[in-house]
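Computed from the coordinates by the stated procedures, all read-outs in this text should not be read as laboratory data. All of these numbers come straight from a predicted model, not from anything done at the bench. Note that we place each Cβ from the backbone using ideal geometry, even for glycine, and neighbour counts take in every protein chain shown.
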Amino acid sequence: MTCWLFCLNIICICQPDHIGNRIREIRNSKGLSQQSLANLCDLELSQINRIELGIINTSVSHVAAIAAALEIHPKELFEFELPVKKKK
């Protein structure tokens, strides 16, 4: 439960493309195409594409499905550096 609360806090402060880039990075490291990932997690190819491009936010249930398809813990999808905002 703590993990999901942590993940939900991260979702609130990051942009959709942060998670999308991380999904793409892990998917590529495992040699999977977007179509293969879509088939494994029972999502449409266009949905995977939009998530990876940061066009849409994704749901917690989709995060869980993608993580299961990639055979990783969901928290690994949130392991990225957040950009630091510079003061003007």
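Extension gain, Ser33 to Ala68, is 11.0 nm, computed as 0.36 nm per intervening residue step minus the present C-alpha separation. The distance between label points at Ile55 and Glu25 comes to 2.3 nm (points 7 Å beyond Cα on the Cα→Cβ vector).
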